[in-house]
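Enquirer: Shown below is the structure under consideration.
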Amino acid sequence: MSPSSTPSSHASAPPPESTETAPSGRRSGAVLVASLMLFSMFFGAGNLIFPPMLGAQAGSSTTPALLGFLSTGVLLPVLAILAIAVTGRDLQDLANRGGRVFGVVFTVLVYLSIGAFYALPRTGSVSYETAVAPYLGEESLWIAVAFSAVFFGISLLLAFDPSGIVDRLGRFLTPALLILLVVLITMAVLRLSAPGHGPTEEYASAPYVTGFLEGYNTMDSLAGLAFGIIVVASLRAKGVSDGPAIVRGVSLAGVIAGVLLAAVYIGLAIVGLRMPEGQSHPDGASLLAEAAVQVLGGPGAVVFGLIVVLACLTTSVGLIGATSEFFHKLVPALSYRVWAILFTVIAFLVSTAGLETVLAIAGPIVGFLYPAGITLILLTLIEPLTRRRLNLTFRLALAVAIVWAALMTLSDLGVGADPIETLIGWTPLHAQGMGWVVPTVVAAVVGFVVDLARGASDPVPVGGESQEAAQERVDAAS
C-alpha cells in the first residue's frame, strides 16, 4: 500500500467546467495514468512480505492459498475503489450509511490502522529487515532504533510538503522496483529448485481460507476505501464526467492495477515456494532478502534492499500525509503538521518493536475492521442495482458485522473466550475466522425486505451524479 501523494493534492482538484466526457484518446490516457497511480498506491511494504511467506508455508497447497490471497489482496481492493467511484464521495461519507457514529468511528479506525498503528510502522520495519538486518550477523536493537529514527525523520521532512517530491520519487521508483522484482522472480525460477515440501499446519486443512485471511494483512481493501477518492478526482480532473462514465473509467483502472498486482503476487509466491528452507524464515522480508542474495549475489541484493527502502519511504510519506490530512479535517484545532509529527513519533516507537511485533499488533485490528469493510463495499455495489436506497439494509448488516467482529476479536485475545465461543461458535466458518458472514448476510436480507416494503423505488446516484441525473438515467434505461 503505497500512496504516491496525499489525498488533498488530488481529491480537492476541481472538476472541469464541462460535464461532457473527455475525448476517447484523452480518456484512455487518463485511465492508464490512474491505473499506474492506483498500483503505486497499493504496492508497498506488506505487498512485498506476505506473498513470499505464503508460498513458503503453503508448499504444495500454494495454488488454493494464493487464490484466497488474491481474493482479499486484489479483488476486494479493486471493488473498494469501485465502491468509492459509485458514490463519488469519500470514506466517511460512505461509512455514514451505517449511521453517523459508525461513520466517524469506522473511518478513524481505518486511518489509524493504515497509518500510525500498523501500515506506517511496517514501512520502517520492512525496510530495516530487508536492507540492513541480513548483513548484521546478529540482531542489534540500537541499530534498528537508529535506522527507524533516520527513516521516519526523512519521511516527516518530506511529508511536510510532499506534493512534488513524492510524485517525483514515485515516478522513478515504481518502475525500478518492478524491474528488479521481475529480475528477482525470473532468476529465482531459473536458479532455485522447488523443494517440493508440504504445507505447514495452518495451510494444511483449509488453504484457500487461510490465504483469504492472510490477504487481509495487506490492508489494501481498507486502503482502497480511504484512497479511492484520489482516483475518482484524477479522472474528473482529466475531463471524465460524473455518473456511469466515471464508474467505467475507475473500473478499467482498477482492473489494470489489479492485473499488475496479481502478477507480482504470483511471482513473489513462486520465489517463496522455490526458496530452500523457506519455512525456517520468521517473515517474508528476511526470506526475500535471502532469496535476493542467492540469485543476485551481494551487490544485487544491496541494490534491491535500497530500492525497497526507497519504495517504503514513499509509502511512509504518503501515509503520514493522508492520515494527517484526515485528522486535521476532523479536528481542525490541531494543524496538519502537528498531526504529522504525532503520527510519525507513534510509528517510530511501534516500528522499533520489530516486524513480528508489528504484525502481531495488526492481527486484532485487521480482524475487527475487515468484516464491516467488506460488508460496506459489497452493499455499496449492490445498492444501485436495486434502484432504491437500502438504508436499513446497511445499518443492520453493518451493526451485525461490527458486533460479530468485536466478539471474535475479544475471543481471539482471550477476553471472555468461553462465553463468547458459546454465543457465536455455532456459525458456519467460525473455526476459519469467518463466522460473521452468515449472520451479516441474514441481517442484510432482513433489512432489504423491510426497505423493499417501505415503498416505491428511489434511484441511487452513481459516480457523484445528482438525484435528478440518476432519475433521468433510469428513465432512459426504461
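The values are calculated or read from the model by the stated rules, or taken from the named source; none is laboratory data. Keep in mind the model is a prediction, meaning the values are calculated, not measured. Here Cβ is always computed from backbone atoms with ideal geometry, including for glycine, and neighbour counts include all displayed protein chains. When the accessible area is computed, the model is the full protein with side chains, heavy atoms only, and any ligands, DNA or RNA have been set aside. Shrake-Rupley method; radii C 1.70, N 1.55, O 1.52, S 1.80 Å.
Enquirer: Can you give me the number of residues within the stretch 251-266 that are without any contact (Cβ under 8 Å) to a residue 12 or more places away in the chain and within 15 Å of T186 (Cβ to Cβ)?
Expert: The qualifying residues number 1.
Enquirer: Filter the stretch 289-313 down to residues that are open to solvent by less than 10 Å² (accessible area, probe 1.4 Å) and under 22 Å from I114 (Cβ atoms), then give me how many there are.
Expert: Residues meeting the conditions: 2.
Enquirer: Please go through the stretch 411-428 and give me each residue that is under 25 Å from A204 (Cα atoms), open to solvent by 40 Å² or more (accessible area, probe 1.4 Å) and modelled with pLDDT of 85 or more, ordered by number.
Expert: Of everything in the stretch 411-428, those that are under 25 Å from A204 (Cα atoms), open to solvent by 40 Å² or more (accessible area, probe 1.4 Å) and modelled with pLDDT of 85 or more turn out to be E421, W426, P428.
Enquirer: Looking for something assigned to a helix (DSSP H, G or I), without any contact (Cβ under 8 Å) to a residue 60 or more places away in the chain and open to solvent by less than 30 Å² (accessible area, probe 1.4 Å) - is there at least one such residue anywhere in the stretch 379-398?
Expert: yes
Enquirer: Within the stretch 212-233, can you find the residues that are of a type outside the set (S, T, N, Q) and open to solvent by 10 Å² or more (accessible area, probe 1.4 Å)?
Expert: Result: F212, L213, E214, Y216, I229.
Enquirer: Here is a further query. In the stretch 89-102, how many are part of a loop (DSSP other than H, G, I, E, B) and either within 10 Å of T380 (Cβ to Cβ) or open to solvent by 10 Å² or more (accessible area, probe 1.4 Å) (or both)?
Expert: Summing the residues that are part of a loop (DSSP other than H, G, I, E, B) and either within 10 Å of T380 (Cβ to Cβ) or open to solvent by 10 Å² or more (accessible area, probe 1.4 Å) (or both) in the stretch 89-102 gives 2.
Enquirer: Looking at A144, A204, A119, which is the one that is buried (at least 21 other Cβ atoms within 10 Å of the Cβ), at pLDDT 85 or above and of a type in the set (A, V, I, L, M)?
Expert: From the options A144, A204, A119, the qualifying one is A144.
Enquirer: Something else about it: Name every residue in the stretch 418-429 that is under 17 Å from G68 (Cα atoms) and part of a helix (DSSP H, G or I), in order of residue number.
Expert: none
Yes or no, residue by residue, for (1) hydrophobic (A, V, I, L, M, F, W, C); (2) at pLDDT below 90; (3) under 24 Å from the mean Cα position of the chain (by Cα); (4) over 21 Å from L79 (Cα atoms):
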position	(1), (2), (3), (4)
I382	yes, no, yes, no
R387	no, yes, no, no
L407	yes, no, yes, yes
W436	yes, no, yes, no
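Enquirer: Same structure again: Mind checking which pairs have a first residue in the stretch 87-111 that is under 21 Å from S251 (Cα atoms) and a second that is of a type in the set (D, E, K, R) and part of a helix (DSSP H, G or I), Cβ under 8 Å, 6 or more apart or different chains?
Expert: T87/D93
Enquirer: Still on this model: Return the pairs, sorted by first residue and then second, in which the second residue is open to solvent by less than 30 Å² (accessible area, probe 1.4 Å) and aromatic (F, W, Y), the first residue lies in the stretch 336-350 and is within 17 Å of I154 (Cβ to Cβ) and modelled with pLDDT of 90 or more, the beta carbons are less than 7 Å apart, and the residues are 6+ apart or on different chains.
Expert: Final answer for the pair search is T344/F152; A347/F152; F348/F152.
Enquirer: Going residue by residue through the stretch 237-246, is there one that turns out to be in a helix (DSSP H, G or I), closer than 25 Å to L369 by Cβ and in the same structural domain as Y118 (by the TED database)?
Expert: no
Enquirer: When both residues are 6+ apart or on different chains and their Cβ atoms are under 7 Å apart, which pairs have a first residue that lies in the stretch 127-140 and is in contact (Cβ under 8 Å) with a residue 60 or more places away in the chain and in the same structural domain as A289 (by the TED database), and a second that is in a loop (DSSP other than H, G, I, E, B) and acidic (D, E)?
Expert: Pairs found: E129/D283.
Enquirer: Looking at V255, V209, V259, which one is under 21 Å from F368 (Cβ atoms), open to solvent by 10 Å² or more (accessible area, probe 1.4 Å) and among the aliphatic types (A, V, I, L, M)?
Expert: Going through V255, V209, V259 in turn, the sole match is V209.
Enquirer: May I pose another question? Looking at (1) surrounded by fewer than 24 Cβ atoms within 10 Å (Cβ to Cβ); (2) part of a helix (DSSP H, G or I), which is the one condition that is false for E129?
Expert: (1)
Enquirer: Looking only at the stretch 356-365, decide whether some residue is assigned to a helix (DSSP H, G or I), open to solvent by less than 50 Å² (accessible area, probe 1.4 Å) and more than 22 Å from F152 (Cβ to Cβ).
Expert: Yes, there is a match, as at least one residue in the stretch 356-365 is assigned to a helix (DSSP H, G or I), open to solvent by less than 50 Å² (accessible area, probe 1.4 Å) and more than 22 Å from F152 (Cβ to Cβ).
Enquirer: Which residue, of L169, L222, L157, is more than 30 Å from T87 (Cα to Cα), modelled with pLDDT of 80 or more and of a type in the set (A, V, I, L, M)?
Expert: L157
Enquirer: Cβ contacts < 7 Å: first residue within 16 Å of G305 (Cα to Cα), restricted to the stretch 267-289; second residue outside any helix (DSSP H, G or I) and of a type in the set (A, V, I, L, M, F, W, C), any location; separation 6+ or different chain. Result?
Expert: L287/M275
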